[in-house]
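The values are calculated or read from the model by the stated rules, or taken from the named source; none is laboratory data. Just so we're clear, the structure is a prediction, and the values are computed from it rather than from any experiment. Note that we place each Cβ from the backbone using ideal geometry, even for glycine, and neighbour counts take in every protein chain shown. For the accessible areas, the whole protein counts, side chains as well, though only heavy atoms, and no ligand, DNA or RNA atoms are used. Shrake-Rupley method; radii C 1.70, N 1.55, O 1.52, S 1.80 Å.
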Amino acid sequence: MKEYAKSINAHYSRIDLEKNILAACESAGMDIQALTREDISAFDEFHIRGRDATRELARLADLRPGMRVLDLGCGVGGPARTLAAEFGCQVTGLELVKEYCRAARMLTERVGLSDKVTFRHGNAMDMPFDESSFDVIWLQHTLMNIKDKARLFKEAQRVLAAEGRIALYEVCAGSVSPPLFPVPWASDATISFLATPKDLRVLFGRTGFREAVWNDVSTPSLEWFRGLSTAMASRPKDAPRPPGLKLLMGSTAAEKSKNLFRNLEEDRIRVIQAVLKK
């Protein structure tokens with residue numbers, strides 16, 4: 001487990017992440033003493049289709065004010081802040097990467113949501129929570145780094161309340177293999193554990209979950225990438241660039257994004273959106 005945590009941190013960690021985020025925001029003309037969620041929207045939702053995907057999944061999962069949500073692999077906290085600000089949820093983020101945890105707390109405080117969103121540094125395979133602590137477990141681009149998914153789902157059963165559910169938006173294996181590396185979640189195959197949609201459905205059933213929603217959203221994901229490329233190409237060359245996902249992906253961000261798009265085009269990966277009930 002220690003070696004796994006070390007590998008995950010080695011891939012995702014960025015030196016001086018908090019400092020670099022604030023510097024990038026300031027360079028883009030933002031008031032870092034009065035940041036808003038809109039200011040940081042270009043990088044705080046580290047997944048395909050960004051905040052729109054978060055809102056869409058939240059509606060499918062019927063999230064309501066007061067619900068207790070556990071965001072597993074929460075990154076720098078963008079989805080958690082969206083669920084708190086727009087859906088009234090009380091959100092806990094659990095994240096294995098220390099730098100992400102620190103950045104998540106800093107950003108949440110600066111946008112004024114610390115009363116609704118908290119973050120814990122820890123491993124989703126051994127959650128530091130009591131039984132029945134949450135109404136919803138949120139999995140958004142997290143399972144790609146989890147090898148023992150059955151263990152994770154058993155932990156989910158333990159910490160979910162009786163009528164709890166999983167809201168899921170994940171990258172799965174496509175019909176062509178292997179995927180091209182590097183990608184945002186892995187520089188090579190050593191920490192990439194993609195399951196096929198079929199295998200994932202079987203595994204959920206074996207661990208006691210029932211499907212309420214299951215959608216393949218690979219096509220809208222491709223369309224989003226194409227729209228993003230068009231928008232970037234049409235930007236004036238002298239326009240200030242908002243802080244982007246390079247802050248989280250590092251110097252290989254362009255290559256990772258290009259491979260992610262190509263993997264989708266060639267059906268090396270698929271994107272699944274689902275709601276599972278306990």
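Can you tell me which residue among Leu143, Leu194 is within 17 Å of the chain's Cα centre (by Cα), without any contact (Cβ under 8 Å) to a residue 60 or more places away in the chain and at negative phi? Checking each option against the conditions leaves just Leu143. Applying the selection to segment 89-104, what residues are farther than 20 Å from Asn145 by Cα, open to solvent by 30 Å² or more (accessible area, probe 1.4 Å) and outside any strand (DSSP E or B)? Within segment 89-104, Arg102 is the sole residue that qualifies. Of everything in segment 256-278 that is farther than 16 Å from Trp224 by Cβ and part of a strand (DSSP E or B), the residue that is most open to solvent (accessible area, probe 1.4 Å) is Lys277.
Evaluate segment 53-62: report whether one residue or more is at pLDDT 95 or above, in a loop (DSSP other than H, G, I, E, B) and either within 27 Å of Phe261 (Cα to Cα) or open to solvent by less than 10 Å² (accessible area, probe 1.4 Å) (or both). Taking every residue of segment 53-62 in turn, at least one turns out to be at pLDDT 95 or above, in a loop (DSSP other than H, G, I, E, B) and either within 27 Å of Phe261 (Cα to Cα) or open to solvent by less than 10 Å² (accessible area, probe 1.4 Å) (or both).
Let's see how each residue does on (1) closer than 20 Å to Ala85 by Cα; (2) open to solvent by less than 40 Å² (accessible area, probe 1.4 Å); (3) out of contact with any Cys (no Cβ under 6 Å at 6 or more places or on another chain):
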{"residue": "Met106", "(1), (2), (3)": "yes, yes, yes"}
{"residue": "Met125", "(1), (2), (3)": "no, yes, yes"}
{"residue": "Glu131", "(1), (2), (3)": "no, no, yes"}
{"residue": "Gln140", "(1), (2), (3)": "yes, yes, yes"}
{"residue": "Lys147", "(1), (2), (3)": "no, no, yes"}
{"residue": "Glu155", "(1), (2), (3)": "no, yes, yes"}
{"residue": "Leu168", "(1), (2), (3)": "yes, yes, yes"}
{"residue": "Ala186", "(1), (2), (3)": "no, yes, yes"}
{"residue": "Lys198", "(1), (2), (3)": "no, no, yes"}
